[in-house]
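Quick notes on the structure that follows.
The values are calculated or read from the model by the stated rules, or taken from the named source; none is laboratory data. What you see is a predicted model, and the numbers here were worked out from it, not measured in a lab. Every residue, glycine among them, receives a Cβ derived from its backbone with ideal geometry; neighbour counts consider all protein chains shown.
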Amino acid sequence: MLPRAAGTGQTLATEGTASCMKFGERPVTPPHMRKWRKSTYAEPGQRVVHPGILDDFTDGISTSVVFGGVSVKDSDHVEDIWCTPGMDSEYSEAKYSQKESVYKSIKTQPLGKSYVRGHPLPERTLDSGFSFGKPSVTSAAAKPLIYPPVTEDEKESQAQYVKSHGSYLPGEQKRRDYTWKIDTSAHRFGVSCGSQNALNGTSVGVSKALMQSDVSRITSKKTEDAKSLTIQLGRARNLGFGSKDSHPAIYGKTSLPDRKNGEWDARACIEGTYEPEDQEPDSDLGKSMTPGFRNITTETRPFGVPSVRSDIPKYATRSIADNQNYGDDVSAQFLLYPQQFASMGIEDQEFQTQKYTKDEIFDIFSSSGCADGLTTAELQAAWNVASAISKSDIVTVEKFQEALNDLLEAKA
């Protein structure tokens, strides 16, 4: 007789999965909190009142009044707005033009024609080939006059460009041909020289007075006393017990070493002042100093266990708990550059060494999609070539792929 099941089992109609997945209706916002939500005023035309004074409307003013009105008559349609009166037909268009012809703007400014001023012109002007003006005997194009062609020496036309376009060369001083009594090539504006000072030099004293840098500043003694009680870098805080004139300017000792007196800094502490022979490794480095445990041997063989255990045989069926390396583990190159189908647990060596029958080969190529568009006769022909090369009824995937590629190239 089997023991009873562990735990406690019970079946309740109200605690099943179906009842747990049924959610009740979402609770509505309480009336005293609804006024603080923005959705209260989201309706078009809703009157917006600050929530803080909403409860103060006790004089009969309703906050639910919607502004705006609804038009009783039908609104205008787009076709009525875009439709021009009197343009329904050619007859109506002619009647509309007849009514519009009484306006002066229609007479003097006809659509698509020049302005009509009412001047009587000779009959020869009505000819289609008539043109106003008189042709000149000689004429020059406007472009060479505005943009004269550059000759071999550009200095010949540079003066003309300066006069017509104001086009100065880069860094060239603009010349307006003023008559000055100074040498513009050596004079520097803004610097006084001799009698050119304002008021014949009497303004020099004013400029010196304005250039004073140390200006006396008068402040209240209470302000200065309050500033003296604040924290100042490198000085003891004034607690108001006396004048700070008796205190030293800076407390503490400088952290910079005095190398002349042989004081050490951080670099000297890290590097030290050891002699070269003191920096050599100890003579007993790597040797056991316990008596009776010193391995003294004259052999040159290395001691210890090698990482690759080629000295012991490999089991036919390797256990998952066996962490020995028998020399068949993958290299670092395989880990950095894995093979194409390594993520699927298939190595490239299986395509080259593992042999399959005809049905297995056909199933592999059909499942992988490599045989799409090929008939059974074409696959049979490729199998015949691959089996002839391998001289066996079982071939590898690589041999069959080579036979199939040759068949496709011959077909193309």
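Some notes on this structure:
- Residue satisfying all of: in the range 153-184; of a type in the set (Asp, Glu) and under 51 Å from the mean Cα position of the chain (by Cα); modelled with the highest pLDDT among these: Glu172
- Count - residues of the range 123-152 that are modelled with pLDDT of 75 or more and either assigned to a helix (DSSP H, G or I) or under 30 Å from Lys174 (Cβ atoms) (or both): 10
- Hits in the range 92-148 (condition: within 60 Å of the chain's Cα centre (by Cα) and surrounded by 10 or more Cβ atoms within 10 Å (Cβ to Cβ)): Gln109, Pro110, Tyr147, Pro148
- Residues within the range 367-391 that are of a type in the set (D, E, K, R) and on the phi < 0 side of the Ramachandran plot, tallied: 2
- Just one of the numbered conditions (1) modelled with pLDDT of 80 or more; (2) touching a helix residue (DSSP H, G or I) at 6+ places or on another chain (Cβ under 9 Å); (3) of a type outside the set (A, V, I, L, M, F, W, C) is not true of Gln46: (1).
- Between Asp80, Asp76, the distinction of being at pLDDT below 75, among the charged types (D, E, K, R), over 30 Å from His119 (Cα atoms) and outside any loop (DSSP other than H, G, I, E, B) belongs to Asp80 only.
- Of the residues making up the range 24-33, not a single one is of a type outside the set (A, V, I, L, M, F, W, C), touching a strand residue (DSSP E or B) at 6+ places or on another chain (Cβ under 9 Å) and either at pLDDT below 75 or part of a loop (DSSP other than H, G, I, E, B) (or both).
- Of all residues in the range 344-366, those that are at negative phi have Cβ atoms under 6 Å from Cβ atoms of residues that are in a helix (DSSP H, G or I) and among the aromatic types (Phe, Trp, Tyr), 6 or more apart or on another chain, in Lys358/Trp383; Ile361/Phe400.
- Complete set of residues in the range 302-317 that are in contact with a strand residue (DSSP E or B) (Cβ under 8 Å, 6 or more places away or on another chain) and surrounded by fewer than 10 Cβ atoms within 10 Å (Cβ to Cβ): Ser307
- Taken over the range 357-374, the criterion of being at pLDDT below 85 and either more than 51 Å from the chain's Cα centre (by Cα) or over 26 Å from Glu347 (Cα atoms) (or both) is satisfied by Gly373, Leu374.
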